[in-house]
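Okay, structure first, notes after.
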Amino acid sequence: MRIGELARRAGVTTRTLRYYESRGLLPARRGDNGYRTYGEDDLRLLRQIRVLQDFGFGLEETRPFVECLRAGHPAGDACPASLAVYRRKLTELDALIDQLGSVRAQVAAQLAAAEAARPEAPAPRCQFGGTTP
């Protein structure tokens, strides 16, 4: 398939495909006519990259998964290098979760302090001039 079809099927732009090619993530094969040509394996590779990026992985973090697929493994996470990236990402996510938990606790404390310091609101008045029970 040509670059436009691959881009459409992978849900990316042709510019993205050229960028991946320049970074060595997508093979640069050309037909006799000079056009880039791609196969189903390239589509599978792109889908792997997209899923990982949707999970928050940086482009370079996808490289071990791409290399694993290129090595002929049916899944990009079947290789030790891919598993190491998963482990690093989980450690990173755990640290972010801890940081967010700390920030949340600080915001909750600030809210509680602000509510405690707030003067008592006057009782709402009913339309006939008195206060509501």
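Rg to Rh for the range 1-78: what is it, with Cα atoms only and Rh by Kirkwood? List each step's numbers first, then the result.
Working: Rg = 12.0 Å, Rh = 12.6 Å.
Reported Rg/Rh, Kirkwood definition of Rh: 0.95.
Which of the following values of Kirkwood radius over Cα pairs in Å was calculated from the structure shown: (i) 26.5; (ii) 14.5; (iii) 19.1?
Among (i) 26.5; (ii) 14.5; (iii) 19.1, the one derived from this structure is (iii).
Please list 3J(HN,Hα) in residue order for the range 57-71, calculated via the Karplus relation 6.51 cos²θ - 1.76 cosθ + 1.60 where θ = phi - 60°; whole Hz, with x for glycine and proline.
Here the 3J(HN,Hα) series is 6, x, 4, 5, 5, 7, 3, x, 5, 4, 4, 5, 5, 5, 6 Hz.
Once phi is turned into θ = phi - 60°, what whole-Hz ³J(HN,Hα) does the Karplus curve with 6.51, -1.76 and 1.60 give for every residue of the range 82-97, x standing for Gly and Pro?
Computed from phi, the couplings for the range 82-97 are 5, 5, 5, 5, 4, 4, 4, 5, 5, 4, 4, 5, 4, 5, 5, 4 Hz.
Quick one: with all protein chains in place, what share of the accessible area of the range 1-129 is carbon or sulfur, to the nearest percent (1.4 Å probe)?
Exposed carbon and sulfur together represent 56 percent of the surface.
State to the nearest 20 debye the size of the charge dipole of the chain about its Cα centre, where the only charges are +1 on K and R beta carbons and -1 on D and E beta carbons.
Result for the chain is approximately 520 debye, rounded to the nearest 20.
In whole Hz, with x marking every Gly and Pro, tabulate ³J(HN,Hα) for the range 27-44 from phi via Karplus 6.51 cos²θ - 1.76 cosθ + 1.60, θ = phi - 60°.
Values per residue, Gly and Pro as x: x, 9, 10, 10, x, 4, 7, x, 6, 5, 10, 9, x, 4, 4, 5, 5, 4 Hz.
Check THR37: other-chain or 5+ apart residues with amide H under 5 Å from its amide H, H built from backbone geometry?
Here ARG29, ARG30, GLY31 satisfy the definition.
With a 1.4 Å probe and every protein chain left in place, work out the accessible area per residue of the chain in Å², rounded to a whole number.
Dividing the accessible area of the chain by its residue count gives 69 Å².
Relative contact order for the range 23-109: what percent, with Cα pairs under 8 Å and sequence separation of 6 or more?
Relative contact order here is 16 percent.
The values are calculated or read from the model by the stated rules, or taken from the named source; none is laboratory data. Not measured: the values here are computed from a predicted model. All Cβ positions, even for glycine, are placed from backbone atoms using ideal geometry, and neighbour counts span all protein chains on display. Just so you know, the surface numbers come from the protein's heavy atoms only, side chains and all, with ligands and any DNA or RNA stripped out. Shrake-Rupley method; radii C 1.70, N 1.55, O 1.52, S 1.80 Å.
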